[in-house]
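A short reminder: the numbers here are calculations on the coordinates, not readings from a lab. Please read all numbers here as calculations on a predicted model, not as lab measurements. Here Cβ is always computed from backbone atoms with ideal geometry, including for glycine, and neighbour counts include all displayed protein chains.
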Amino acid sequence: MPVVLGHDAIGEIVSTKKRVAIDPAISCRQCPVCLAGRPSGCSDYKFLGLTAPGTFASYLTLPAANLHELPDSVDDEAGTVLEPIAVGLHALERISGIVTQDAKVIVIGGGPIGIVVAKLLQLNGFSVQLVEPIKSRRERAELWGVPSLDVTELKSVHSGLERAVAVETSSSKVGAQLAMDWVGTGGVIAAVGAADTPLTFAQAVLKDQTLIGIRGGARRYERAIELVATGSLPVGELVSHRDSIMNLESIIIETNANPLNVFRTVLYH
């Protein structure tokens with residue numbers, strides 16, 4: 001079914017002229033799961049640009065709870081990067097609830113979410129390496145102060161005594177398998193990317209592994225705004241292209257033709 005695309009965005013409330021960041025994950029906030037503080041598990045969960053009309057529209061009607069006022073210290077472009085940060089905060093929260101900072105961590109995939117997750121873990125005392133096959137993305141991670149390496153440089157299995165964690169953000173079958181293989185016995189796999197990979201529990205059972213799923217970043221936007229406002233995260237380094245939404249068709253064609261040249265594009269209405 002056709003849907004208006006777009007989900008990471010900022011906008012202006014028509015009646016008040018306030019500048020707000022838009023949380024694209026919409027939940028009912030009334031069901032038992034929502035009331036228990038887990039809106040990403042809502043049975044009526046919708047995501048702008050995928051299962052609900054997205055932010056490429058000129059106007060949207062949204063729940064007030066999905067709008068977060070932006071301070072002057074967060075510019076428009078930085079406001080469009082809050083969703084990956086909120087997802088990263090969700091991942092940090094879940095991982096910190098399972099392992100200590102002594103754990104060795106790899107983040108698989110050097111896209112915006114992968115780099116943000118790695119940096120947030122690093123800022124919270126974890127030893128982190130980002131695994132990414134594309135050199136330009138490894139270089140971008142280095143701009144964030146995140147150590148990175150090619151998959152060929154990674155030991156096939158973690159061999160230390162400390163517990164290992166692999167955060168999979170690439171949504172690839174190769175990445176998912178690498179995560180399960182590398183953490184070894186007693187390891188933790190945090191799935192942020194939704195790889196369409198057939199999963200058997202044999203490996204997880206025989207190696208006593210823990211698998212956790214990370215869906216969205218609901219309830220974490222205020223903290224994300226604070227991190228950007230204080231300069232803790234160099235979000236400008238995540239944007240590679242800027243253009244008018246009037247050029248959307250040509251931008252999509254160019255991105256599909258040369259995906260390695262585009263990291264993250266910000267479109268202006």
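For the stretch 103-166, the extents of the C-alpha atoms along the principal axes are 32, 27, 15 Å, listed from largest to smallest.
Full extension of the chain between Thr100 and Val239 gives 46.8 nm of extra length, using 0.36 nm per residue less the Cα-Cα distance. Suppose we look only past 17 Å in the calculated P(r) of the stretch 146-248. What percent of the Cα-Cα pairs does that tail hold? Percentage above 17 Å: 66.
Have a look at Ala195, Ala64, Ala176 and tell me which one the Gaussian network model of the chain (Cα, springs below 10 Å) gives the largest fluctuation. Looking only at Ala195, Ala64, Ala176, the biggest GNM fluctuation is shown by Ala64. In whole Å, how far is the Cα centre of the stretch 151-180 from that of the stretch 232-262? Value for the Cα centre distance between the two parts: 28 Å. Go through Lys104/Lys207; Lys18/Lys119; Lys46/Lys173; Lys104/Lys155; Lys135/Lys173 and tell me which ones have a Cα-Cα distance over 23 Å in this structure. Those over the limit are Lys18/Lys119; Lys46/Lys173. Screening the chain for whole DSSP H helices with an alpha carbon extent of at least 27 angstrom along the helix axis and a mean Kyte-Doolittle hydropathy of at least 0.0 yields nothing. Note on the chain: helix-only mean residue ellipticity at 222 nm, from DSSP H runs of 4+ residues weighted -39500 (n - 2.57) and normalised by residue number, equals -8000 deg cm²/dmol. Viscosity 0.692 mPa s, temperature 37 °C: Stokes-Einstein D of the chain from its Kirkwood Cα radius, in µm² per second? Calculated translational D: 169 µm²/s.
The fewest-to-most ranking of Leu60, Leu248 by surrounding Cβ atoms within 10 Å reads Leu248, Leu60. If the chain linking Val14 and Ala204 were pulled fully straight, counting 0.36 nm for each residue of separation and taking away their Cα-Cα distance, it would gain 63.3 nm. Working from the Cα coordinates of the stretch 91-213, the gyration tensor eigenvalues give, after taking √(5λ), semi-axes of 21, 16, 13 Å in decreasing order.
Springs between Cα atoms under 10 Å define the GNM used for the chain, and in it the highest mean-square fluctuation of His158, His241, His90 occurs at His241. As an equivalent ellipsoid, the stretch 196-269 spans semi-axes of 34, 23, 12 angstrom, where each value is the square root of five times an eigenvalue of the C-alpha gyration tensor, largest first. In terms of the mean number of neighbouring beta-carbon atoms within 10 Å, the peptides 99-109, 3-13, 35-45 order highest first as 99-109, 3-13, 35-45. For trypsin sites (Lys or Arg not before Pro), the sites in the stretch 129-219 that DSSP calls loop and that have at most 13 other Cβ atoms within 10 Å are Lys155.
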